[in-house]
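Student: One structure is given below, represented as structure tokens, and several questions about it will come after.
The values are calculated or read from the model by the stated rules, or taken from the named source; none is laboratory data. Predicted model, so just to flag it, every value in this text is computed and none were measured. When we count neighbours, we look across all protein chains shown, and the Cβ atoms used for this are built from the backbone with ideal geometry, even at glycine. Protein only, heavy atoms only, side chains kept; ligands, DNA and RNA dropped before computing areas. Shrake-Rupley method; radii C 1.70, N 1.55, O 1.52, S 1.80 Å.
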Amino acid sequence: MVNNGGATMNMPIRPPLIKGGPLRFTVDDYFKLSESGILGDRRVELIGGEIIEMPAQGNAHAATIDEVRELLIAAFGPGYWVRSQYTLNLAPHGVPDPDIAVIPGDRRTPGADIPTGALLVVEVSDSRLTYDRTAKASLYAASGVKDYWIVNIPDRQLEIRRDPQPDATQEFGHGYATLTTLKPGATAVPLAARNGAVEVARLFF
């Protein structure tokens, strides 16, 4: 399985892992490279045909991911798998490893195939905020993710994007029609867990 961590970049730079020109990879290419061992133990993901290497994450980023996962496990309850930094196959657009992705099912019976979608995707964002708001948002919208959250660490707010729709101005031809911004003191309710709730204040340290 290909893993990625949170990034520490100051801007959405996406350097190719494999040098020597503007190489582009399909999802099948990417899985073959991963299975062959060429990618080694690097934290990488495939976005728009580019293999992107992700720097190591800091403690605050990692702790926030853990907190989000615990809160969403409680909000969704049994029957859902809250996955942390595990691969999604969002062919043909990419193979991301979101910080959090919630899918139906039980981790004890995971099945053989990598999930091709998610009920909720969450990115914990600090220095990569612009990238998560633009390229990543377009990727998830194009892949039919109806509920996309960004835990915006610098501004201490939760950004909820919903209602994916075509948008020719976005990188993958789709974007989100609605954006709701919540501050500490508010409560967020996932689309797929109407009886669950997440206190926004608990997302920040």
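Student: Can you give me the long-range amide H partners of Asp147? Hydrogens built in the peptide plane at 1.01 Å from N, cutoff under 5 Å, separation of 5 or more residues or another chain.
Tutor: Amide H to amide H, under 5 Å and 5 or more residues apart or across chains, Asp147 pairs with Val121.
Student: Roughly how many debye, to the nearest 20, is the charge dipole of the chain about its Cα centre, given +1 on each Lys and Arg Cβ, -1 on each Asp and Glu Cβ, and no other charges?
Tutor: It comes to approximately 160 debye.
Student: Distance from the Cα centre of region 100-158 to that of region 24-71, in angstrom?
Tutor: Answer, in whole Å: 13.
Student: Using label points projected 7 Å from each Cα along Cα→Cβ, tell me how many nm separate Arg202 and Glu35, to one decimal.
Tutor: With each label placed 7 Å out from Cα toward Cβ, I get 4.1 nm.
Student: Shifting gears a bit: With every protein chain present, what is the per residue accessible area of region 33-173 (1.4 Å probe, Å²)? The partial results should precede the final answer.
Tutor: Numbers: 5900 Å² over 141 residues.
The answer is 42 Å² per residue.
Student: How high is the relative contact order of region 23-97, in percent, counting Cα pairs under 8 Å that sit 6 or more residues apart?
Tutor: Here the relative contact order equals 35 percent.
Student: Could I ask something else about it? Relative contact order for the chain: what percent, with Cα pairs under 8 Å and sequence separation of 6 or more?
Tutor: RCO, the chain: 18 percent.
Student: Once phi is turned into ³J(HN,Hα) by the Karplus curve 6.51 cos²θ - 1.76 cosθ + 1.60 with θ = phi - 60°, what whole-Hz value does each residue of region 58-65 show in order, with x for glycine and proline?
Tutor: Coupling constants for region 58-65: x, 5, 5, 5, 5, 5, 5, 4 Hz.
Student: Now for a separate question. Which percent of the accessible area of region 136-175 is formed by carbon and sulfur heavy atoms (probe 1.4 angstrom)?
Tutor: 46
Student: Another question about this same structure. Using a Debye calculation, one point per C-alpha and no hydration shell, please list log10 I(q)/I(0) for the chain at q = 0.13, 0.17, 0.18 Å⁻¹ in order.
Tutor: For the requested q values the scattering log ratios are -0.68, -1.21, -1.37.
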